[in-house]
Amino acid sequence: MKRTDQYTEEALKAIARIAIIDSRRSRFIEFASTSKGIEKWLKDLDHFENYINMRKAISFQDSRQVFGFVKNNFCADDSGFAISTQSEYRRGVFGRMDNIISDLLGSGNGSFLLINKKQQFCLYLGEDVRSNFIWMTRI
C-alpha cells in the first residue's frame, strides 16, 4: 500500500479529530495513512452525515450562509486543505481558500476543508447542498 504524503495525512487526521464521531474517528485516522485508505474515506464522503460529530458542529442549510461565514472569517488568500469527490481534489489539495471555496461550495460533491489560523476551521460540504457543517477549535 502506498503511503500518503505527510501533509495530506496530517490534514486528514486533523479533520477526523475535529469532525468525526468518537465511534468512527480511529477508523478514519487509520485511513489517512494510505492511498487505499483515502479511497475508502472518499467512498463515504458524499453521504458523510452519519459520521459527523453534530455536537460541536454549526449547521448551514444553504451555500449562501456558508459563503457569508467564510467571507467574514477568512481572507481571500488564506491557505487551506481540501479533499473531495470532485476529481481534482480526490488526493487532497493545498491552496488558497478563495479558489477552493469557489470550486467546491454548492458543487454537490462531498468535501472537507481545513483552515489553520488562530482557530482551526473545518468545513464539510455534503452532496446534498443543504448539508453543510463547520467546526471551530482553538489551536
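Throughout, read-outs are computed from the coordinates displayed, never taken from laboratory work. Quantities reported herein were computed from a predicted structural model and do not represent experimental measurements.
Hey, if you drop one equal point scatterer on each alpha-carbon of the stretch 1-73 and run the Debye formula without solvent, what base-10 log of I(q)/I(0) do you get at q = 0.20 Å⁻¹?
Here the Debye-derived log intensity ratios amount to -0.91.
By how many nm would the segment from Ser33 to Asn99 grow when fully extended, if each residue of separation counts as 0.36 nm and the alpha-carbon distance is taken off?
Full extension of this stretch gives 21.1 nm more.
With each run of n ≥ 4 DSSP H residues scored as -39500 (n - 2.57), what mean residue ellipticity at 222 nm is computed for the chain after dividing by its residue count and rounding to the nearest 500 deg cm²/dmol?
Roughly -11500 deg cm²/dmol at 222 nm, from the helical runs in the chain.
Could you give the alpha-carbon Rg of the chain over 2.2 N^0.38 Å, rounded to two decimals?
So the chain has a normalised radius of gyration of 0.94.
Compute the length gained on full extension between Gln65 and Arg24: take 0.36 nm times their separation in residues and subtract their Cα-Cα distance, giving the result in nm to one decimal.
Here the answer is 11.9 nm.
Hey, could you grab the Kirkwood Rh for the stretch 93-133? Inverse mean 1/r over distinct alpha carbon pairs, Å, one decimal.
Hydrodynamic radius (Kirkwood, Cα pairs) of the stretch 93-133 is 10.6 Å.
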